[in-house]
Amino acid sequence: MRRAVFVCFAFLAGTELARAQTRVYVSGDLFAEVTKFSRLTVSPSDSGASVTTPPDSVRGGGGVRLGAFFSPEWSLELGVDTGGTISNVRTVTVRNLGGLTPTAAPQNYDSRTSSRFSTTSVLLGFHPPPRGRVHAGLRGGLSFVHRTATYTLATVSTSTSFSTSPLGVVPATTLSVATLEYSSTGNGITATLGAEAAIEASDHFAVVPEVRAHAGGLGAILIRPGVSARWRW
């Protein structure tokens with residue numbers, strides 16, 4: 001009986017201690033999204049094949065996070081982040097290819113592409129002992145990634161007419177280009193790694209420079225350096 005009472009008391013004491021050490025926080029973040037796309041190169045470039053991904057670029061984004069420190073060393077966080085839309089318009093010139101006569105004039109069309117990524121992440125954090133007011137941290141976990149994209153697909157057709165001249169029958173070939181705008185959505189799960197250095201302005205507020213990387217199953221690698229403002233209770 002005494003042993004049961006002791007075990008029960010120890011369990012309740014441990015629960016209260018864990019509850020006392022748990023600190024919940026909310027943060028808002030701004031970041032620059034560095035995007036490196038996977039892509040397919042078409043040769044020759046004037047064959048009329050369309051580009052379906054925009055060029056690698058940098059766009060801004062932001063998000064919100066909700067997390068908890070269960071001890072000074074360990075935390076768990078749920079975050080939702082959305083990057084800016086990466087878009088591009090380029091003029092593509094379709095020229096004569098093999099088998100076409102020199103009378104076929106080149107044709108131009110606008111190839112439009114855009115892409116946007118949003119992530120919902122669950123990350124476990126490890127935080128070594130702080131140095132002064134700076135509390136470093138490493139995070140790792142999984143992210144659900146949602147991608148929206150638009151792109152132009154073009155089809156090239158030829159038509160040939162014939163005319164007579166003193167030299168005989170002369171063929172004249174013309175090119176025509178038809179375009180369609182497509183939109184697509186994709187969902188996937190990626191590995192996410194991050195590092196941060198929380199600068200504690202007070203016991204409840206910190207400014208947190210950070211960088212996070214998402215890779216795998218996206219059609220792109222996302223690197224997001226940024227800064228967040230964290231309120232902790």
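The values are calculated or read from the model by the stated rules, or taken from the named source; none is laboratory data. The shown structure was predicted, so the numbers you read here are calculated from the model rather than taken from an experiment. For neighbour counting, all protein chains shown are included, and Cβ atoms are generated from backbone atoms with ideal geometry for every residue, glycine included.
Some points to look at:
- Across the stretch 102-129, the number of residues qualifying as surrounded by 13 or more Cβ atoms within 10 Å (Cβ to Cβ) and assigned to a loop (DSSP other than H, G, I, E, B) comes to 3.
- Residues within the stretch 70-99 that are touching a strand residue (DSSP E or B) at 6+ places or on another chain (Cβ under 7 Å), farther than 30 Å from Val26 by Cα and either surrounded by 15 or more Cβ atoms within 10 Å (Cβ to Cβ) or modelled with pLDDT of 90 or more (or both), tallied: 5
- The set of residues in the stretch 191-214 being in contact (Cβ under 8 Å) with a residue 60 or more places away in the chain and under 22 Å from the mean Cα position of the chain (by Cα) consists of Thr192, Gly194, Glu196, Val208, Glu210, Arg212, His214.
- Thr185 being over 30 Å from Arg232 (Cα atoms), polar (S, T, N, Q), part of a strand (DSSP E or B) and without any contact (Cβ under 8 Å) to a residue 60 or more places away in the chain: yes
The rows are residues; the columns are (1) modelled with pLDDT of 95 or more; (2) touching a Cys at 6+ places or on another chain (Cβ under 6 Å); (3) within 22 Å of Gly186 (Cα to Cα).
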residue: Thr53; (1), (2), (3): no, no, yes
residue: Ala68; (1), (2), (3): yes, no, no
residue: Ala104; (1), (2), (3): no, no, no
residue: Asn108; (1), (2), (3): no, no, no
residue: Arg116; (1), (2), (3): yes, no, yes
residue: Thr120; (1), (2), (3): yes, no, yes
residue: Arg131; (1), (2), (3): no, no, no
residue: Ala136; (1), (2), (3): yes, no, no
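- Within the stretch 130-139, being in a strand (DSSP E or B) and exposed (fewer than 14 other Cβ atoms within 10 Å of the Cβ) holds for Arg131, Val134.
- If the condition is being under 30 Å from Thr22 (Cβ atoms) and basic (Lys, Arg), then the stretch 101-147 contributes Arg131, Arg133, Arg139.
- All positions within the stretch 49-86 that are closer than 25 Å to Arg112 by Cα, among the polar types (S, T, N, Q) and touching a residue at least 40 places away in the same chain (Cβ under 8 Å): Ser50, Thr52, Thr53
- Flag not set for Thr158, criterion: crowded, with 18+ Cβ neighbours inside 10 Å and touching a residue at least 24 places away in the same chain (Cβ under 8 Å).
- When the criteria are applied in full, Ile221 fails the requirement of being part of a strand (DSSP E or B) and farther than 20 Å from Gly140 by Cβ.
- Scan of the stretch 161-182 for residues that are without any contact (Cβ under 8 Å) to a residue 24 or more places away in the chain and aliphatic (A, V, I, L, M), ordered by number: Leu167, Val169, Val170
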